[in-house]
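This report concerns only the one structure given below.
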2 protein chains.
Amino acid sequence: MASTQLCFENSGIHRHWLQTQSKLPHGFRVGTIGFDFVPVEVPKPARMRLTLIALDKPTRDFAAVFTRNAFPGAPVIIGRERLKEPSLGAILVNNKISNVCAPGGVSASSRLCREVSRLLQIEETAVLPSSTGVIGWQLPVEAMVQALPRVVESLSSHSILPAAEGIVTTDLYPKIRRADLPAGSIVGIAKGAGMIEPNLATMLVYLLTDIAVPRGRLREMLSRAVESSFNRMSIDSDTSTSDTVVLASSGSVPCEDEARFEVALARVCADLAEDVVRNGEGVRHVIRVTVKGAPSEALARAIGKTVVNAPLFKCAVAGNDPNVGRLVQAVGKFVGAHCPSLPLNQTEMRLGGIQIVENGEFLLDPSKEQDLVEHLRSAELYPSAPPRNGVFSPTIDYPPHERSVEIEIDLRQGIESCTVLGADLTHEYVSENADYRS
Amino acid sequence: MASTQLCFENSGIHRHWLQTQSKLPHGFRVGTIGFDFVPVEVPKPARMRLTLIALDKPTRDFAAVFTRNAFPGAPVIIGRERLKEPSLGAILVNNKISNVCAPGGVSASSRLCREVSRLLQIEETAVLPSSTGVIGWQLPVEAMVQALPRVVESLSSHSILPAAEGIVTTDLYPKIRRADLPAGSIVGIAKGAGMIEPNLATMLVYLLTDIAVPRGRLREMLSRAVESSFNRMSIDSDTSTSDTVVLASSGSVPCEDEARFEVALARVCADLAEDVVRNGEGVRHVIRVTVKGAPSEALARAIGKTVVNAPLFKCAVAGNDPNVGRLVQAVGKFVGAHCPSLPLNQTEMRLGGIQIVENGEFLLDPSKEQDLVEHLRSAELYPSAPPRNGVFSPTIDYPPHERSVEIEIDLRQGIESCTVLGADLTHEYVSENADYRS
């Protein structure tokens with residue numbers, strides 16, 4: 001999916017590459033600062049980053065898509081309302097606490113918007129809040145309000161990198177993707193490392209462009225781009241309460257070709273989606289499943305999602321174990337539960353290009369087994385390391401390559417297809433999520 | 001759910017208790033033997049156990065329920081046909097290879113049935129095959145045929161324990177539950193430790209009774225008992241290709257009270273279901289979720305299943321971390337995706353009896369946090385141990401207690417309810433499933 005080949009040999013090169021990606025489009029400034037505080041619920045010292053994305057001038061042309069989780073965060077509740085407002089002037093993002101189902105959550109976020117509006121001298125309703133982190137805790141509103149003037153002071157029109165670094169939680173590295181058009185550019189940043197089954201993605205994504213596209217068209221294009229990128233991936237099947245994708249245009253550059261703009265937008269979204277999966281919590285293998293020969297795209301996608309969410313298969317991939325029986329199990333689980341009349345006796349499956357199933361039966365032998373192991377090994381991002389003091393922590397800051405475990409499932413029952421991205425299930429994932437908060 | 005309190009202090013006591021449970025009903029014999037072989041697909045030495053359950057006289061009164069996975073194993077394909085046959089005389093079970101989607105799978109299982117029928121001098125169609133283990137490999141039919149006479153020689157009417165021990169794969173201990181009625185008894189054994197989201201359960205269960213209940217009534221009762229036990233649990237959301245529950249009556253004892261028989265059958269199934277979860281792969285906490293105040297039982301069950309299948313919440317439980325935000329996330333994920341119009345603003349939630357959510361908002365404070373941690377700790381089956389040589393292996397043979405993490409979700413939107421059993425997601429699960437086969 002990623003059309004921009006990274007292929008980093010070491011983090012120095014990645015860092016350099018990130019800088020080449022990070023130039024802000026005209027009309028935007030970003031800033032970020034960190035500060036310490038003590039949560040009310042678990043009184044241990046914690047650190048929060050506040051990140052501000054500001055338009056030089058509020059814009060009418062913005063779009064946003066939010067989580068479908070029925071317990072949305074307060075910023076999502078407010079964000080949905082903002083879509084009706086005439087303009088967007090700034091986005092305030094905090095990490096560490098997601099402000100979901102917390103008492104007084106909406107008024108806390110509103111208070112922060114009000115402070116930003118005062119400092120930037122824009123309307124309160126032109127400020128979009130975003131929060132990510134622990135669910136259930138209350139925002140340290142007073143500490144945040146006190147920190148806001150420093151965030152405003154830090155605003156700079158040079159690079160989006162400080163914002164990409166500011167919004168992360170358990171991410172191992174910042175994620176930036178860009179598209180440069182003949183006139184103007186699109187730059188996107190993403191945060192998201194766990195609770196990722198987009199519906200849409202469990203993550204925060206901000207896409208900035210200086211290319212003038214009117215609000216209605218922007219919203220249609222964002223919706224389609226999200227559908228074909230963030231909604232086709234899953235790290236752990238969980239759907240965050242805070243998922244947010246925002247696209248804002250400063251309108252500084254006339255749009256010469258809307259179709260080309262949309263292609264570029266879709267590519268930036270697809271690349272960021274792959275970045276998010278590749279940096280998923282504890283991910284050691286990215287898994288790319290293409291389901292084809294399906295009677296519908298929806299069915300192809302659902303089968304692909306079932307495969308990348310099947311814990312036993314994910315564990316096998318983590319161990320470089322081509323236990324392809326678990327792959328078949330996952331497909332059969334979905335079809336048996338949801339469309340039992342679909343015949344599977346013509347199904348073909350390939351792993352790493354090697355055919356493993358023909359007409360619904362396995363084609364396995366010892367030499368093929370060895371080739372399958374080799375494919376899994378070649379897609380490994382980090383070798384598994386025994387935990388130090390019970391905590392797994394990969395020491396590599398950037399992905400060493402962009403290879404994936406490649407799975408193709410051909411149902412031979414139609415012409416529709418869909419490609420879904422997912423990840424393995426590793427000790428690192430368990431460590432990170434059994435110990436993340438406490 | 002388990003009405004028979006175990007509360008073992010050590011494995012000696014459990015072993016003694018198992019023996020008290022293991023007396024076979026009249027009219028049955030069981031036997032088991034092990035032998036070594038080399039799989040075709042991965043030529044490394046392996047060991048298989050063959051277990052035979054034989055009726056002294058074939059019975060018309062038997063029932064069976066099978067997996068809904070759309071890639072069923074060959075034994076399941078044959079087993080479904082057996083339901084139409086006039087009688088059942090024997091059940092042959094092997095572990096290590098599940099005979100799913102393997103070339104020639106159905107004829108391999110048929111060949112084994114034919115050999116058993118010859119040795120026991122019953123009809124081939126009166127033999128039900130069952131296989132569990134690796135998916136995709138072929139059964140070592142010749143080695144199995146050669147071993148069969150020894151299995152027949154090992155048949156004994158004394159105890160079901162050899163069969164309970166013979167059918168296991170990664171199970172840590174055999175599972176037997178019984179109900180003694182004024183006249184006659186029901187004894188059940190179960191195998192199942194992974195790939196467990198029953199639909200029905202990923203497991204093999206054999207229920208034997210000497211109480212005479214006619215075929216039609218037996219089948220109705222088994223269907224209801226499975227629905228309220230094995231179909232309300234999930235270890236890892238995966239649905240095996242081999243799930244099988246068989247109930248056979250030797251008819252030796254007249255049935256005095258069918259209603260009482262059904263209650264006893266349901267209890268044996270519920271107890272076995274809890275045994276299966278408590279012995280799930282890598283399980284360190286059993287999680288019991290009761291969803292009440294729901295508009296329908298189906299919705300209550302689906303929300304309960306979503307909670308026990310939510311990886312992030314399962315990891316938090318594994319770490320004794322009351323990250324209740326992830327619990328709310330799971331409920332919101334299901335409702336947002338499947339019934340977004342259901343109001344959640346009256347929802348109450350309790351963990352370990354402690355109220356954590358009221359009217360859809362959190363009620364958290366530091367002292368409550370400590371109580372929640374204590375509840376999680378008290379439900380822990382085994383303390384987490386660092387891996388030796390990268391492999392986690394609990395050294396305890398039997399569960400030390402029957403406590404669970406107790407969750408109550410009251411939607412306050414109706415009068416229906418459902419209780420679902422599940423488990424945490426641990427390093428032990430990942431180890432077992434990344435390394436299980438190779």
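The values are calculated or read from the model by the stated rules, or taken from the named source; none is laboratory data. Just so you know, these numbers come straight off a predicted model, no measurement behind them. Using ideal geometry, Cβ is built from the backbone for each residue, glycine included, and neighbour counts are taken over all protein chains shown.
In the set (1) farther than 21 Å from B:His401 by Cα; (2) surrounded by 18 or more Cβ atoms within 10 Å (Cβ to Cβ), B:Ser367 fails one condition alone, (2). If you go through region A:62-74 one residue at a time, do you hit one that is touching a helix residue (DSSP H, G or I) at 6+ places or on another chain (Cβ under 8 Å) and hydroxyl-bearing (Ser, Thr, Tyr)? The answer is yes; a qualifying residue exists. Among the residues of region B:118-145, those that are modelled with pLDDT under 95 and not polar (S, T, N, Q) comprise B:Gly133, B:Val134, B:Ile135, B:Gly136, B:Trp137.
The residues of region B:302-320 that are touching a helix residue (DSSP H, G or I) at 6+ places or on another chain (Cβ under 7 Å) and surrounded by 21 or more Cβ atoms within 10 Å (Cβ to Cβ), listed by number, are B:Ile303, B:Thr306, B:Val307, B:Ala310, B:Leu312, B:Phe313, B:Cys315, B:Ala316, B:Val317, B:Ala318, B:Gly319, B:Asn320.
Residue-level check: of (1) hydroxyl-bearing (Ser, Thr, Tyr); (2) surrounded by 24 or more Cβ atoms within 10 Å (Cβ to Cβ); (3) outside the structural domain of A:Ala54 (by TED's automatic domain parsing), A:Ser234 misses just (3). Out of all the residues in region A:15-40, which are in contact with a Pro (Cβ under 8 Å, 6 or more places away or on another chain) and crowded, with 17+ Cβ neighbours inside 10 Å? Within region A:15-40, A:Leu18, A:Val30, A:Gly31, A:Thr32, A:Phe37, A:Pro39 meet the criteria.
Which one of A:Ala183, A:Ala225, A:Ala163 is among the small types (Gly, Ala, Ser) and touching a Leu at 6+ places or on another chain (Cβ under 6 Å)? Please lay out each step first, then the result.
On the way: A:Ala183 fails: touching a Leu at 6+ places or on another chain (Cβ under 6 Å); A:Ala163 fails: touching a Leu at 6+ places or on another chain (Cβ under 6 Å).
Sole residue among the options that is among the small types (Gly, Ala, Ser) and touching a Leu at 6+ places or on another chain (Cβ under 6 Å): A:Ala225.
Per this entry, A:Ser296 is not counted among residues that are at negative phi and either in the same structural domain as A:Ala126 (by TED's automatic domain parsing) or acidic (Asp, Glu) (or both).
Answer yes or no as to whether B:Ala63 is crowded, with 24+ Cβ neighbours inside 10 Å and under 16 Å from A:Glu361 (Cβ atoms).
Working: crowded, with 24+ Cβ neighbours inside 10 Å: yes; under 16 Å from A:Glu361 (Cβ atoms): no.
No; evaluated as a whole, the condition is false for this residue.
Restricting the search to region A:414-430, which residues are at negative phi and either in a strand (DSSP E or B) or more than 12 Å from chain B (Cβ to nearest Cβ) (or both)? A:Ile415, A:Glu416, A:Ser417, A:Cys418, A:Thr419, A:Val420, A:Leu421, A:Gly422, A:Ala423, listed by residue number. For region B:255-300, filtered to residues that are under 30 Å from B:Pro25 (Cα atoms) and small (Gly, Ala, Ser), the residue that is surrounded by the fewest Cβ atoms within 10 Å (Cβ to Cβ) is B:Ala259. Reported count of residues in region A:36-57, each being in contact with a strand residue (DSSP E or B) (Cβ under 6 Å, 6 or more places away or on another chain) and under 19 Å from A:Ser156 (Cβ atoms), is 7.
Listed by first and then second residue, the pairs with beta-carbon distance under 8 Å, at least 6 apart or on different chains, first residue in region B:251-265 and in contact (Cβ under 8 Å) with a residue 24 or more places away in the chain, second of a type outside the set (A, V, I, L, M) and surrounded by fewer than 18 Cβ atoms within 10 Å (Cβ to Cβ), are B:Ser252/B:His26; B:Val253/B:His26; B:Glu256/B:Pro182; B:Glu258/B:Arg217; B:Glu262/B:Arg224. Under the condition of being crowded, with 24+ Cβ neighbours inside 10 Å and more than 16 Å from B:Ala54 (Cα to Cα), the residues counted in region B:73-94 number 4.
B:Ser156 meets each of the listed conditions (1) at positive phi; (2) surrounded by fewer than 20 Cβ atoms within 10 Å (Cβ to Cβ); (3) of a type in the set (S, T, N, Q) apart from (1).
The selection criterion, being of a type in the set (D, E, K, R) and under 20 Å from B:Thr419 (Cα atoms), does not hold for B:Arg377. Could we say that A:Glu115 is in the same structural domain as A:Val268 (by TED's automatic domain parsing) and at pLDDT below 95 here? The answer is no for A:Glu115.
Every residue, every condition in (1) part of a loop (DSSP other than H, G, I, E, B); (2) in contact (Cβ under 8 Å) with a residue 60 or more places away in the chain; (3) in contact with a Cys (Cβ under 9 Å, 6 or more places away or on another chain); (4) not hydrophobic (A, V, I, L, M, F, W, C), yes or no:
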position	(1), (2), (3), (4)
B:Val42	yes, yes, no, no
B:Pro58	no, yes, no, yes
B:Ala70	yes, no, yes, no
B:Ala90	no, no, yes, no
B:Val100	yes, yes, no, no
B:Ser109	no, no, no, yes
B:Ser117	no, no, no, yes
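If you take the residues in region A:122-153 that are of a type in the set (Val, Ile, Thr) and in a helix (DSSP H, G or I), which one is surrounded by the fewest Cβ atoms within 10 Å (Cβ to Cβ)?
Step one: of region A:122-153, the residues of a type in the set (Val, Ile, Thr) are A:122, A:125, A:127, A:132, A:134-135, A:141, A:145, A:151-152.
After this cut, where a residue has to be in a helix (DSSP H, G or I) as well, the list is A:125, A:141, A:145, A:151-152.
Numbers: A:Thr125: 19, A:Val141: 16, A:Val145: 14, A:Val151: 24, A:Val152: 18.
Filtering region A:122-153 for residues that are of a type in the set (Val, Ile, Thr) and in a helix (DSSP H, G or I), the one surrounded by the fewest Cβ atoms within 10 Å (Cβ to Cβ) comes out as A:Val145.
Taken over region B:78-104, the residue count meeting the criterion of being farther than 15 Å from B:Ala64 by Cα and more than 14 Å from chain A (Cβ to nearest Cβ) is 2. In summary, helices (runs of 4 or more DSSP H) completely within region B:269-384 and bearing 3 or more residues that are within 8 Å of chain A (Cβ to nearest Cβ), within 29 Å of A:Thr132 (Cα to Cα) and touching a residue at least 24 places away in the same chain (Cβ under 8 Å) occur at B:311-318, B:325-338. Considering region B:171-192, and only residues there that are within 30 Å of A:Leu312 (Cβ to Cβ) and touching a helix residue (DSSP H, G or I) at 6+ places or on another chain (Cβ under 6 Å), the residue that is surrounded by the most Cβ atoms within 10 Å (Cβ to Cβ) turns out to be B:Gly192. Among the criteria (1) β-branched (Val, Ile, Thr); (2) in a strand (DSSP E or B); (3) touching a helix residue (DSSP H, G or I) at 6+ places or on another chain (Cβ under 7 Å), the one B:Ile77 does not fulfil is (2).
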